[in-house]
Each structure stands twice: as structure tokens, then as C-alpha cells.
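First the structure, in the form of C-alpha cells, and then the observations on it.
Every number in this text was worked out from the coordinates using simple rules, so none of it is lab data. No experiment lies behind these values; they were computed from the predicted model shown. Because the Cβ atoms are built from the backbone with ideal geometry, glycine has one as well, and the counts that use them run over all protein chains shown.
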Amino acid sequence: MLKMVAPLGVSVVALLSLAPQGLAQESTSDDAMADTAMVEEADMAAYYVPLASDGGLGTGVYEDETYQGNADAPIVLIEYASLTCPHCAAFHRDGYPALKPFIDSGQLAYVYRDFPLDGTAYRAALSVRCLSGDAFFSAIDALYTSQTEWRRGGSEENLAIEISALTGQTVDEYKSCVGDPKNQETMIERYNTAIDLGVDGTPRIFINGKPYQTSRGWAAIGNEIERMVGRL
């Protein structure tokens, strides 16, 4: 069952280097098992923000968070992903479809959280944060489907044109979302909270609070959910 996350304090640590001014594109290896976040050295304990005490990482959601499925679903899957991560795109191509029957039946709640690994992903994530409901997930799908066309970055204007065309926003709407200080602050807070909870790269998937890993490909995640449903 989904529960509300405790209110956040303000922390501005790891994502400051990804602010819209002067972002550097981090290289991503398609051969790596997972992308690794570049995090500044800091005493993260000072910024720790606990999630809801009912199960923490596995069941807590933010008040403004968009998710799919029934809030009373007995199984909660939270994905931390970066929109420029090839392995995240692979999950959405191969793994996510296996989740849909369980989402539609009310047995699974699916929460998508951005954990941007580079400046391009940060911009895309900020733009998507302005969307909700079906528009939010449609934008996520479009960005992953066309990831190779925009993930390497480019000029600010080119990114605005390319990303907004995929998210269904106008260029001005995109720029407003990316440049919104409150939007940036929220992204930074939640990024740092994810680090405190042990997220160190993407994709990172938690099912009812437990990390999920597979050596059989992302499509196998459907078997894991089916196993859990059978034990309800």
C-alpha cells in the first residue's frame, strides 16, 4: 500500500553541478551493467530525510508524485531511473510491459522516480515534472523510445526543441519547467534523499522495499511479481 513520504527539508548537495548553467554531459557505457551516478563527497547524514515509517522505500510516495495503479495495491514497485540511461530504456522496453497486467488488475502500484545522471537527463526530468497522469507516463515512454536521438545533448535551444516535441509541451513550457527554481529544488532534494537510501546508479528497482536484481533480463520481472501475487 502506498503511503505519504514525510515532508522534505532543503538540501542542495549532489545535483548542483547539473544546474541548467554550464552542464557537462556524462558519458554512458552501453556495456556497463548499470550507469553510476557521480556524487560529490559530502556528509549526507546531515541531509537524511526518512520516508514513511510503514515500509520506507518500498511504499512511500510524495504528495505530488504521479504513479500508476491502485493506491491500496499490496505490491509497490519503485523505479529510480535516468532518462538518458540505456539500461533504463531497456527496462521500459522489456520489463515494464510485464508489469502492466498487474498494474491494471490493481495488484501492483508502479512509481517512477528520476535520478538524473547527467545534465541532459536533468533537463528532461525537470520538464516531465510539470506533467501528471497519462501525460507524465506518455512523455516518459516517448523519451525512452527516442532516447538515442536526443540523449547526447546539444545546445540549450536544440534540447528545448527536441525534448519538448517528445513530451508534448511547447518550447516555452519546457523552458519554464526547466528554469523553475522550485522545480529544481525539489529535484535536488529527492535526488539527495535517494542517495541516502542507497541509490547509486540506474536503473534501481525496489519491490516492497527490497532491491530487485536479475541476471535473466528485465522481462523476468513479471515472473517475480506473479510469484508475489501468488503468495498474497
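Residues whose amide H comes within less than 5 Å of that of C130, counting only those at least five positions distant or on another chain, are absent (H built at 1.01 Å from N in the peptide plane). Per-peptide packing, taken as the mean over residues of other Cβ atoms within 10 Å, places 134-142, 208-216, 75-83, 194-202 in the sequence 75-83, 194-202, 134-142, 208-216 from highest down.
Tell me the Kirkwood radius of the stretch 93-221: reciprocal of the mean inverse pair distance over distinct alpha-carbon atoms, in Å. Mind dumping the intermediate values first?
Details: mean 1/r = 0.0627 Å⁻¹.
One decimal place: 16.0 Å for the Kirkwood radius.
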